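The values are calculated or read from the model by the stated rules, or taken from the named source; none is laboratory data. Bear in mind the structure is a predicted one, so any value in this text is a computation, not a measurement. No Cβ is skipped: glycine too gets one built from the backbone with ideal geometry, and neighbour counts run over all protein chains shown.
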Ligand code: ACM
């Protein structure tokens, strides 16, 4: 199965431009599963909830969702992409999963990072796995990486691939995702962005790139630097279904759940 990430440099507020750039790229990749960054259509640094509501869109019928579904129909790909999701009077930092038959699933970011906590509503969608045929797909967003329960919840439900739209600013996530993959024996596709935003004076953010595809043995199959680019990798998703690391240790069955406090 050919999977891909697209590492972008969105222009804040230019939804149509950001979406069309991503759609053009998706159409060239020939991948069956494509992951785009967090908030790929809007940019990251909102000044207020009102601004996020204004730029936010419906997860099924907004401009980004419609164009991603059209791209999925055209290419046959499954696509995971981060959007500002407007739902009634609320706005979530969300990602959607769409495929050749349309909208499949939605995840609203559980662990909001820093200023996101004052802009977005906390996610209320449980971590859930979607069986799309070619793979069992789980979603988490950026800062969720620091909460191992997120990836574990997806792995316990049988996720083969964790799709991880991101807007990383701290340096540790790419390395930490190797551990998330090792401890769960899953693939992870982190799609980050590059560039910088300083829409709030004195609060400049520089995004680290380093999008990557990691496998169940911790192998980093592909990792980008800090420029706009995409990465494609052929993976065998069945590797994620073997949780044994030797004849005596199955990393799921060897857990001592009775001794843990969760
Ligand atoms: C982040 O969660 N965007 C750092």
Quick one: would you say residue 178 is over 18 Å from residue 36 (Cα atoms), assigned to a helix (DSSP H, G or I), touching a residue at least 40 places away in the same chain (Cβ under 8 Å) and away from the ligand (no atom under 14 Å from the Cβ)?
yes
Just to check your reading of the model, which residue among 255, 248, 227 is assigned to a loop (DSSP other than H, G, I, E, B) and under 27 Å from residue 12 (Cα atoms)?
227
Return the pairs, sorted by first residue and then second, in which the second residue is part of a strand (DSSP E or B) and modelled with pLDDT under 95, the first residue lies in region 54-70 and is within 12 Å of residue 23 (Cα to Cα), the beta carbons are less than 9 Å apart, and the residues are 6+ apart or on different chains.
none
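Check 129, 73, 80 and return the single one that is more than 16 Å from the ligand (Cβ to nearest atom), modelled with pLDDT of 95 or more and under 15 Å from residue 23 (Cα atoms). If you could, list the steps in order and put the result at the bottom.
Values: 129 fails: under 15 Å from residue 23 (Cα atoms); 80 fails: more than 16 Å from the ligand (Cβ to nearest atom).
None of the other options fit; the residue is 73.
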Quick test of your reading of the structure: residue 117 fulfils all but one of (1) under 16 Å from residue 34 (Cβ atoms); (2) within 13 Å of the ligand (Cβ to nearest atom); (3) without any contact (Cβ under 8 Å) to a residue 24 or more places away in the chain. Name the failing condition by number.
(1)
Check residue 254 against each of (1) surrounded by fewer than 15 Cβ atoms within 10 Å (Cβ to Cβ); (2) within 15 Å of the ligand (Cβ to nearest atom) and name the one condition it does not meet.
(2)
Please verify whether residue 96 is touching a residue at least 40 places away in the same chain (Cβ under 8 Å) and either away from the ligand (no atom under 16 Å from the Cβ) or buried (at least 21 other Cβ atoms within 10 Å of the Cβ) (or both), treating the condition exactly as stated.
no
